[in-house]
1. Go through region B:141-156 and count every residue that is at the interface with chain A (Cβ under 10 Å from one of its Cβ atoms) and assigned to a helix (DSSP H, G or I).
2. Of all residues in region B:178-204 being open to solvent by 80 Å² or more (accessible area, probe 1.4 Å) and at pLDDT below 65, which is nearest to the other protein chains (Cβ to nearest Cβ)?
3. Could you say whether any residue in region A:453-474 is part of a loop (DSSP other than H, G, I, E, B) and more than 29 Å from A:Arg393 (Cα to Cα)?
4. So B:Glu153 fits all but one of (1) modelled with pLDDT of 75 or more; (2) out of contact with any helix residue (DSSP H, G or I) (no Cβ under 7 Å at 6 or more places or on another chain); (3) surrounded by fewer than 18 Cβ atoms within 10 Å (Cβ to Cβ); what number is the exception?
5. Can you tell me which residue in region B:52-80 is nearest to A:His490 (Cα to Cα), limited to those that are of a type in the set (A, V, I, L, M), part of a helix (DSSP H, G or I) and within 8 Å of chain A (Cβ to nearest Cβ)?
6. Could you please find all residues in region A:107-149 being outside any helix (DSSP H, G or I) and within 20 Å of the chain's Cα centre (by Cα)?
7. Examine region A:462-482 for a residue that is in contact with a Pro (Cβ under 7 Å, 6 or more places away or on another chain), more than 9 Å from chain B (Cβ to nearest Cβ) and touching a residue at least 40 places away in the same chain (Cβ under 8 Å), and state whether such a residue exists.
Amino acid sequence: MPAFSCAFPGCRRDLLVIVLVVFVGIGLPIEASAPAYQSHGTEGSHLTNITNTKKAFPVLAVNYEHVRKPFEIALWILLALLMKLGFHLIPRLSAVVPESCLLIVVGLLVGGLIKVIGEEPPVLDSQLFFLCLLPPIILDAGYFLPIRPFTENVGTILVFAVIGTLWNAFFMGGLLYALCQIESVGLSGVDLLACLLFGSIVSAVDPVAVLAVFEEIHINELVHILVFGESLLNDAVTVVLYNLFEEFSKVGTVTVLDVFLGVVCFFVVSLGGVLVGAIYGFLAAFTSRFTSHTRVIEPLFVFLYSYMAYLSSEMFHLSGIMALIACGVVMRPYVEANISHKSYTTIKYFLKMWSSVSETLIFIFLGVSTVAGPHAWNWTFVITTVILCLVSRVLGVIGLTFIINKFRIVKLTKKDQFIVAYGGLRGAIAFSLGYLLSNSHQMRNLFLTAIITVIFFTVFVQGMTIRPLVELLAVKKKKESKPSINEEIHTEFLDHLLTGVEGVCGHYGHYHWKEKLNRFNKTYVKRWLIAGENFKEPELIAFYRKMELKQAIMMVESGQLPSVLPSTISMQNIQPRAIPRVSKKREEEIRRILRANLQNNKQKMRSRSYSRHTLFDADEEDNVSEVRLRKTKMEMERRVSVMERRMSHYLTVPANRESPRPGVRRVRFESDNQVFSADSFPTVHFEQPSPPSTPDAVSLEEEEEEEVPKRPSLKADIEGPRGNASDNHQGELDYQRLARCLSDPGPNKDKEDDDPFMSC
Amino acid sequence: MGSTNSTLSKIPNVEELMQETGFTPAHIVRLYDRFEALDKEKTGHLRPQDFGAINRLAMNPIGDRIIGAFFSPGQETVDFHSFVRILAHFRPADKKRPKDPSMPEPVNSRTSKLKYPPLVFSLISVAFQLYDQDKDGKISRAELLQVLRSMLEMQVTEEQLESIADRTIQEADLDKDDAISFEEFRKSLEKVNIDHKMSIRFLR
């Protein structure tokens with residue numbers, strides 16, 4: 001219960017918001033005045049050291065200078081996160097306005113405040129951006145990239161990324177140059193190369209902005225992967241174009257050779273980036289093979305290798321983003337086969353956390369930089385830029401789709417095209433690239449202003465309106481799908497089928513090469529990169545194990561099984577290669593129980609979440625504990641406590657011995673258990689042939705009949721469907737049987753639950 | 001073009017075949033060449049052994065089932081027409097083709113027919129048929145186990161196979177008859193983008 005309950009609803013929320021605002025209000029002056037402090041600080045301390053001979057020992061002294069830099073950084077991050085927190089407390093706001101917009105507004109306010117105080121607001125330093133803020137977001141995106149849709153659409157994505165960006169850059173650059181030629185605009189000093197440079201900066205779709213906005217609209221997978229993939233892969237084009245035009249505009253002239261070199265450069269940059277990423281990815285996978293004794297540092301290897309890949313490729317002016325993506329994609333299947341479950345969770349959480357912080361900081365800094373930066377406003381130029389951005393994007397998408405649809409099996413509909421075009425948001429990368437322009441460019445300020453305007457326009461206008469438009473156009477949304485073993489099996493079956501048909505036709509097509517790659521992977525690569533005997537394990541088995549483990553964990557967390565059990569469950573159910581220490585029958589029972597609970601609960605599990613704000617397990621926990629078990633949670637807890645006591649009894653008793661009669665047991669536990677009521681203790685009733693709630697109930701009973709005819713006291717009172725209550729009985733029955741199954745702990749009781757774990 | 005025409009003229013009832021399956025002349029010619037390459041003894045029919053000679057099929061876990069699909073029950077050989085008709089199931093569904101009401105629906109439409117006369121299948125139905133060897137319209141647990149066994153190539157224990165099969169059936173089985181009917185099979189695959197998967201560009 002909350003410590004202070006308010007008379008009316010929403011009061012507590014408002015209170016928190018007020019607290020946050022106060023915090024911010026206090027925080028800013030401290031920060032802003034820090035630079036002022038600094039100027040006195042160093043001199044002052046030196047002076048006091050040298051000139052003063054006798055002074056009372058300072059018991060309490062303030063030395064801000066000592067901690068200044070980390071203090072400021074930490075404070076900024078803290079404020080950013082508090083802002084983020086604040087938004088989510090105001091539900092209506094966060095439903096209408098995407099978070100990115102709110103953060104930019106906050107940045108604007110903060111920048112304005114700082115300026116009012118009279119200090120110089122910090123600008124988004126390009127080095128800070130490219131080396132610290134961007135990598136976590138990209139790594140998060142790359143590591144959790146949904147591979148199947150990506151590879152299915154990679155052709156389309158590449159066309160959009162490369163040709164689309166080139167088209168945008170040249171179209172915009174060219175038309176802006178034409179605009180500048182018009183006398184009335186007053187920009188006749190801007191030459192073609194400068195315009196093209198500007199065009200290349202503004203043309204690229206930004207992954208950060210796309211992620212931030214698309215996160216919240218849950219669009220269908222195809223469109224999401226198209227826009228998102230494009231935003232990632234166009235980095236190579238942007239890098240090349242930017243460097244090219246920068247060089248050229250210094251020199252002033254362009255020859256055919258330069259153009260040719262530019263094209264070569266593009267291939268070098270993109271393929272080189274991918275190669276660097278892949279190398280580091282394999283290194284990471286190889287390293288993870290040996291980490292079975294030092295599980296704690298496993299996540300660090302993943303992060304560091306990826307970061308090194310990024311830095312290495314940046315060092316060679318290759319595409320860092322592509323390196324990072326390649327590294328994540330390559331490393332993931334092998335690393336996840338090797339690392340423990342906890343490490344996997346750690347990696348997931350850390351990536352989401354860092355990328356969340358980065359994103360927040362980027363948007364806030366964008367706002368602050370807007371206030372800070374030198375501006376040169378030219379109405380015509382800026383407005384034309386914005387309009388041209390839109391126009392070129394739309395034209396590009398339509399034109400390219402027309403060509404692409406000739407090669408696609410599943411065509412892109414008009415709605416898809418619209419969302420792809422409308423979702424082409426620009427963001428902080430464009431700003432940073434603009435900021436990087438050296439001051440010798442006379443038009444730098446103008447360009448910066450225009451870039452910022454474009455960013456604001458796309459993020460605010462397009463970002464805010466895309467959600468209602470999606471609703472309006474009834475665009476297909478993302479289908480919630482739980483990982484289904486049916487899909488896995490049948491998809492694999494279909495793959496084999498089509499490979500076979502290709503064989504019959506004598507055609508060396510798509511499936512043939514996929515099959516070859518899989519075979520190569522299985523025989524050679526996995527052998528080197530996966531620890532222990534795991535590499536022989538077929539993917540289907542790994543998938544199945546994953547599912548069972550997840551379900552077992554879910555059951556434990558929801559309170560249906562006490563946490564004593566999982567170590568035994570994990571041992572018995574999830575070590576396919578170990579010699580079965582438990583008899584087949586018990587394994588069967590365990591599996592049956594898990595399956596029965598699958599039937600009962602039918603949880604919706606989100607698969608392949610590339611969501612920034614929510615995580616797989618958190619969702620499930622919420623679903624399970626709140627929605628499903630709210631009403632019966634108390635009762636379940638009670639029963640669990642009952643069961644726990646009984647279990648301690650069973651654990652010492654061999655499985656097949658007949659238990660004492662109900663009356664006796666009741667006496668024994670009476671003192672412990674005051675929560676007994678007549679109907680809650682499932683002792684006396686023998687089951688009547690009542691309609692079972694699930695078929696498994698029937699099968700469980702039957703099995704009971706065969707195996708343990710002498711223990712009627714254990715049979716739960718299955719009185720027929722009583723809604724949740726019957727679920728509980730079922731759960732209880734399962735529980736009892738599970739307790740019985742596991743009464744023989746097995747020889748490896750003390751082994752840690754750190755077996756290799758694979759993820760969805 | 002000349003060679004195409006001359007090859008086409010060798011095939012009886014080519015027009016009817018093209019209309020029924022939707023293949024272009026170029027496709028038919030390619031398939032005919034392939035047919036002849038497989039038919040080493042030039043009998044004009046293919047036997048299971050001819051298929052077996054294809055290495056890629058031999059390596060395929062479900063290769064023998066695929067071969068079996070070409071032969072209708074009771075037949076020992078398959079002629080060119082049946083060969084082409086069966087391969088027509090793997091063509092991408094062409095939604096834009098105008099449907100001539102007088103013609104029979106082309107064999108690769110996605111809508112299914114529950115009781116299937118031998119040659120008019122839907123895309124998913126082919127896969128279903130390959131699972132369902134005894135042709136009772138359901139994938140029983142035993143049949144599923146067989147498929148799993150052949151796909152997983154003996155790398156797993158029998159208990160694991162059984163529990164996977166159990167779970168699969170449980171997931172898909174809506175009418176609780178402990179087997180997967182065609183409807184249930186189709187339903188479990190509705191999230192998978194079949195059109196994208198099941199079409200071989202070669203045959204377009």
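The values are calculated or read from the model by the stated rules, or taken from the named source; none is laboratory data. Note that the structure is predicted; figures quoted are calculated from it, not measured. Note: ideal-geometry Cβ built from the backbone for every residue, glycine included; neighbour counts use all protein chains shown. Just so you know, the surface numbers come from the protein's heavy atoms only, side chains and all, with ligands and any DNA or RNA stripped out. Shrake-Rupley method; radii C 1.70, N 1.55, O 1.52, S 1.80 Å.
1. 6
2. Taking the candidates together, the pick is B:Arg201.
3. no
4. Among (1) modelled with pLDDT of 75 or more; (2) out of contact with any helix residue (DSSP H, G or I) (no Cβ under 7 Å at 6 or more places or on another chain); (3) surrounded by fewer than 18 Cβ atoms within 10 Å (Cβ to Cβ), the lone unmet condition for B:Glu153 is (1).
5. Filtering region B:52-80 for residues that are of a type in the set (A, V, I, L, M), part of a helix (DSSP H, G or I) and within 8 Å of chain A (Cβ to nearest Cβ), the one nearest to A:His490 (Cα to Cα) comes out as B:Ile66.
6. The answer is A:Phe144, A:Leu145, A:Pro146.
7. Yes, region A:462-482 has at least one match.
Table: residues versus (1) buried (at least 18 other Cβ atoms within 10 Å of the Cβ); (2) under 21 Å from A:His496 (Cβ atoms).
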residue: B:Leu8; (1), (2): no, no
residue: B:Thr21; (1), (2): yes, no
residue: B:Pro25; (1), (2): no, no
residue: B:Glu36; (1), (2): no, no
residue: B:Ile66; (1), (2): yes, yes
residue: B:Thr77; (1), (2): no, no
residue: B:Ala88; (1), (2): yes, yes
residue: B:Arg91; (1), (2): yes, yes
